[in-house]
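What follows draws every value from the coordinates through simple rules; no lab data is involved. Since we're looking at a predicted model, the values are computed, not measured. Methodologically, a virtual Cβ is constructed for each residue, glycine included, from the backbone with ideal geometry; neighbour enumeration extends over all protein chains shown.
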Amino acid sequence: MMDEGWMMSLFLWSQLVVSLALLLDLLSFQLRDRRRILACLALSCALNAGHFALLGQWSAASLLLLASVRFLVSIWLVRRILMWFFVGLACAAALATYQGLLSWIGLLASLLQTRAAFCPDDRQLRRWMLLGTLCWLVNNLLVGSPVAALMEGLFLVSNLVGYYRHYGFDYWGRGRHRGRRKGRVPPSGRASS
């Protein structure tokens with residue numbers, strides 16, 4: 001049986017590893033190029049998987065290791081068949097390492113971010129990642145990993161800031177700025193009357 005000091009050092013190591021993942025997450029959505037975003041996310045997921053392994057959270061660790069591979073593959077290949085392949089692998093990983101509610105939350109996060117990885121442009125990728133990140137945030141709060149929870153919260157903010165920097169306020173793509181880069185907003189007809 002491990003003593004308390006050893007367990008505490010594993011916890012501290014896990015927080016250090018996830019701190020490195022946090023830095024990569026913050027960088028990722030400040031980039032505009034889809035491939036660079038995915039490369040940062042792949043490395044971040046590998047580090048985050050190590051963090052969860054140190055905490056003994058095997059479902060999250062396996063799902064994030066799979067996510068790292070998924071992001072690497074989706075840098076070069078954006079095919080629906082690959083998306084479904086990774087969906088199947090995520091379901092199998094969650095079932096093989098099932099640990100209750102946390103496994104379901106991690107699986108939902110993984111499925112949403114699998115959808116994100118295989119989007120052809122960075123706007124859709126950012127939107128799906130936002131939803132998956134919310135699930136990982138809940139997971140990390142329930143696991144009790146403060147740095148990982150902070151990471152997901154900052155990742156959400158970074159995603160939104162990066163989107164605004166590149167595309168303006170129209171996050172969901174429904175406004176009058178659809179398809180345009182951020183710029184001056186033309187006055188409406190009502191403003192001049």
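A few remarks follow.
- Cα-projected label distance for Ser19 with Leu31, points at 7 Å along beta-carbon direction, nm: 2.4 nm
- Sparsely packed loop sites in the stretch 70-122 (the trypsin sites (Lys or Arg not before Pro) outside DSSP H, G, I, E and B with at most 14 other Cβ atoms within 10 Å) comprise Arg79.
- Qualifying chymotrypsin sites (Phe, Trp or Tyr not before Pro) in the stretch 87-126, where qualification requires a DSSP coil assignment and no more than 16 other C-beta atoms within 10 Å, comprise Tyr98.
- Shape category assigned to the stretch 50-156 from the gyration tensor of Cα positions, a/c cut at 1.5: oblate
- Ordering of 149-156, 105-112 by burial proxy (mean other Cβ atoms within 10 Å per residue, highest first): 105-112, 149-156
- Note on Gln99/Leu131: beta-carbon distance plugged into 1/(1 + (r/R0)^6) with R0 of 22 Å gives a FRET efficiency of 0.50.
- Cα gyration tensor, the stretch 1-94 - rounded (a/c under 1.5), prolate or oblate: oblate
- Residues in the stretch 39-58 that a label on Leu150 would reach, taking backbone N under 17 Å of a point 7 Å out along Cα→Cβ: 48, 51-52
- Gyration tensor verdict on the stretch 99-163 (Cα atoms; rounded if a/c is under 1.5, prolate if a/b is larger than b/c, oblate otherwise): oblate
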